Every structure is written in C-alpha cells, then in structure tokens.
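Contents: one structure, followed by commentary.
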Amino acid sequence: MLRPLRSDDAAAMFAYRSDPAVARYQSWEPQTVAELRAFIEDLARVEPFSPGTWHQLAIASASTGELLGDCGVHVPAAEPRSAEFGITLASAAQGRGLAGEALRALLAILFDRLGKHRVFCSVDPRNLRSVALVARTGFRQEAHHRSSLWFKGDWADDLVFAMLRSEWNARRSDPGLSPGS
C-alpha cells in the first residue's frame, strides 16, 4: 500500500537508501537518519503533489505497515498536468512484484484522483529491472538521451518513458491489457 511517510520510517528508509545496490541508480542519498527524519517532517507541512515540488510516499506492507520502499512524485511547475515519478525498494522487497503494485497504485492516484494528463519517468538504461517494470506497466519509451547526465562521476544515458491518461484508461478497459499486465 501507499501511505504518507512517518518520522518512525526514517531509520528503515535510511537503511535501504544507504544500501549500495539500492542507491546505485538513485540521485538522492540522504546522509543521516536525522536528515531523513527532518525531510519527512517537512513533507507533512507541504501540500502533497503541489506544482514545483517532489513528494515522497511510503510503500508499505498492507498487512504489517512495514516500510518496504518509497516513491517520489514531482509535479513540474511549468506543466502541472504532468507528473514525474521514481520508485525505490529495499533489497529484501525486490523481485516480488511489489514495485509493480506500487506503480499501479500510484498511477491510479495520479490519473484517476488527480486527473493528470501525462505521467513520466527517467531511467538509467543499465537499470534493467526498472526498464522492464515500466514497459510491463504500459509505458512507452519516448527518448534515449545518450551521455546526457553527469551522474556519480560519469556520464550516463537517460531513457524517458511516459504514459497518457488515455493509455491508462485503455489498459484498464481492455482485459488483455490490464494495468497489472
């Protein structure tokens, strides 16, 4: 399930965001638990999904509430009908279909509840699991920018994937293309 982050999530979030295997493709790497706790407390003071801001949500076990990861959403100030997202899962939560469940829940919020027109993400092409996730969920690759990002001391490629609300609705109405496909 997706839920607001709580200050008691800070230690668990710091643990998985500090894991080199998880942080490999992450641009945001908090330095301390206290920094994360302050970040989470600041989130509570900002209107979620406000244009020009990033908003993080917890990905948690529906049965236990345990923090499994987080997803971030950025609503560009210049085009608030769009939203960018990123998903991070703890190593122990990977490979179980949880990122797909979280992404489908996030898309329902963005398209159905918030009425966004377009949702997109930026993925390092070396992150094969993320590329597979967005493709499986129905995102289209819109761009491949070569050596376009200076990232962790080296130039990296950047793949841009997107989905329109009309594509999300078509997937939901076609049993062969359900959002869970």
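Only residues that are more than 22 Å from Leu164 (Cβ to Cβ) and in a strand (DSSP E or B) were counted across the stretch 64-77, and they come to 4. The lone criterion from (1) among the charged types (D, E, K, R); (2) exposed (fewer than 15 other Cβ atoms within 10 Å of the Cβ); (3) out of contact with any Ser or Thr (no Cβ under 7 Å at 6 or more places or on another chain) left unmet by Glu41 is number (3). His55 falls short on exactly one of the conditions (1) over 25 Å from Leu114 (Cα atoms); (2) surrounded by 14 or more Cβ atoms within 10 Å (Cβ to Cβ), and that condition is (1).
The number of residues in the stretch 26-63 being in contact with a helix residue (DSSP H, G or I) (Cβ under 8 Å, 6 or more places away or on another chain), β-branched (Val, Ile, Thr) and not in a loop (DSSP other than H, G, I, E, B) comes to 3.
All conditions in (1) out of contact with any helix residue (DSSP H, G or I) (no Cβ under 9 Å at 6 or more places or on another chain); (2) crowded, with 21+ Cβ neighbours inside 10 Å hold for Val73, with the sole exception of (1). The set of residues in the stretch 54-85 that are more than 19 Å from Ser7 (Cβ to Cβ) and not aliphatic (A, V, I, L, M) comprises Ser63, His74, Pro76, Glu79, Pro80, Arg81, Ser82, Glu84, Phe85. So is Ser61 farther than 25 Å from Arg118 by Cα and either in contact (Cβ under 8 Å) with a residue 40 or more places away in the chain or exposed (fewer than 13 other Cβ atoms within 10 Å of the Cβ) (or both) or not? Criteria met by Ser61.
Taken together, the values in this text are just the output of simple stated rules run on the coordinates, not laboratory data. Quick caveat: nothing in here was measured; it's all calculated off a predicted structure. Methodologically, a virtual Cβ is constructed for each residue, glycine included, from the backbone with ideal geometry; neighbour enumeration extends over all protein chains shown.
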